[in-house]
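The values are calculated or read from the model by the stated rules, or taken from the named source; none is laboratory data. Since this is a predicted model, take the numbers as computed values, not measurements. Methodologically, a virtual Cβ is constructed for each residue, glycine included, from the backbone with ideal geometry; neighbour enumeration extends over all protein chains shown. Keep in mind that these areas ignore ligands, DNA and RNA; they rest on the heavy atoms of the full protein, side chains included. Shrake-Rupley method; radii C 1.70, N 1.55, O 1.52, S 1.80 Å.
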Amino acid sequence: MTGVTRASAITTVVFLTALAALQSGCTAGVPAATSGAPAARSLPTSLPGPPEWKTGDRWNFSWTSGTESGTKTLEIVEVREVNQVRYYVVRLGGTDHLTYYTRELHWAAAVRESRVEARMVPAQPSYVWPLEVGQTWAHQGTFEEQNGKTSYRDRFRVVAVETVEVPAGRFETLKVVRETDGRDFDEYWYAPSVRWHVLWKGRRANVQFEERLQSYDPAPRLIPSVGSDGPAR
């Protein structure tokens, strides 16, 4: 995102897909497609565990950031173990920008050309399981990049079950909000049927951003994961 204080130092890094707004340098040019997700259905107020991501899962998003806009594709390209911790490796479009998430979908690092360009220590818990209405949690971590380190204190809360409509369809979601000690904030709507958020709104400094799911293309599954909703794909 152009003009964002912290994120501007890593505008070519996939860190923006998990913690900050998206910027024009990360467009993937993917046209909207028919969603692979099932139709919206009644959603419980508590989800017992995280979904299982698989190599080949792919999400297409449209995004706006200030006056800029574009599209991007995120795809699971590998499940890798580092120092006895299992990570999902997510690639941005056809680039060499990779993002590492834990099995609990906590954002850990952004990697390019086999080099760690940014990371959060400990990993940022955008979700805590079981994920349920009324759940609150806090995170105090250090964001490390080439230009230095910054400490952050974030507060999260699952505020409601909400039905949202995006280009990919209509979804039952759990809405999560993130607040900071500064002006930054996030609101994101997690849909079990697509194993990630379908809508994300927020602000970095004075710039507001938003992303909406265009389509979801899951890898084949024979057994649905604990945190999923609907039939296996």
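Do you know which residues across the stretch 186-195 are part of a strand (DSSP E or B) and either open to solvent by less than 10 Å² (accessible area, probe 1.4 Å) or among the hydroxyl-bearing types (Ser, Thr, Tyr) (or both)? Answer for the stretch 186-195, where residues must be part of a strand (DSSP E or B) and either open to solvent by less than 10 Å² (accessible area, probe 1.4 Å) or among the hydroxyl-bearing types (Ser, Thr, Tyr) (or both): 186, 188, 190, 191. Just so you know, in the stretch 86-101 the residues that are open to solvent by 20 Å² or more (accessible area, probe 1.4 Å) and not in a loop (DSSP other than H, G, I, E, B) include one that is nearest to residue 74 (Cα to Cα), and it is 91.
Restricting attention to the stretch 196-220 and to residues that are in a strand (DSSP E or B) and open to solvent by 20 Å² or more (accessible area, probe 1.4 Å), the residue that is nearest to residue 75 (Cα to Cα) turns out to be 217. Answer yes or no: is there a residue in the stretch 98-108 that is modelled with pLDDT of 95 or more and of a type in the set (S, T, N, Q). The answer is yes; a qualifying residue exists. The set of residues in the stretch 40-75 being among the hydroxyl-bearing types (Ser, Thr, Tyr) and in a strand (DSSP E or B) consists of 46, 62, 64, 65, 69, 71, 73. Residues of the stretch 172-185 that are free of Cβ contacts under 8 Å to residues at least 60 places away in the same chain and either β-branched (Val, Ile, Thr) or surrounded by 23 or more Cβ atoms within 10 Å (Cβ to Cβ) (or both): 176, 177, 180. Of the residues making up the stretch 102-112, those that are in a strand (DSSP E or B) and open to solvent by less than 50 Å² (accessible area, probe 1.4 Å) number 6.
Report yes if residue 118 is open to solvent by less than 20 Å² (accessible area, probe 1.4 Å), part of a strand (DSSP E or B) and closer than 20 Å to residue 180 by Cβ, otherwise no. Criteria met by residue 118.
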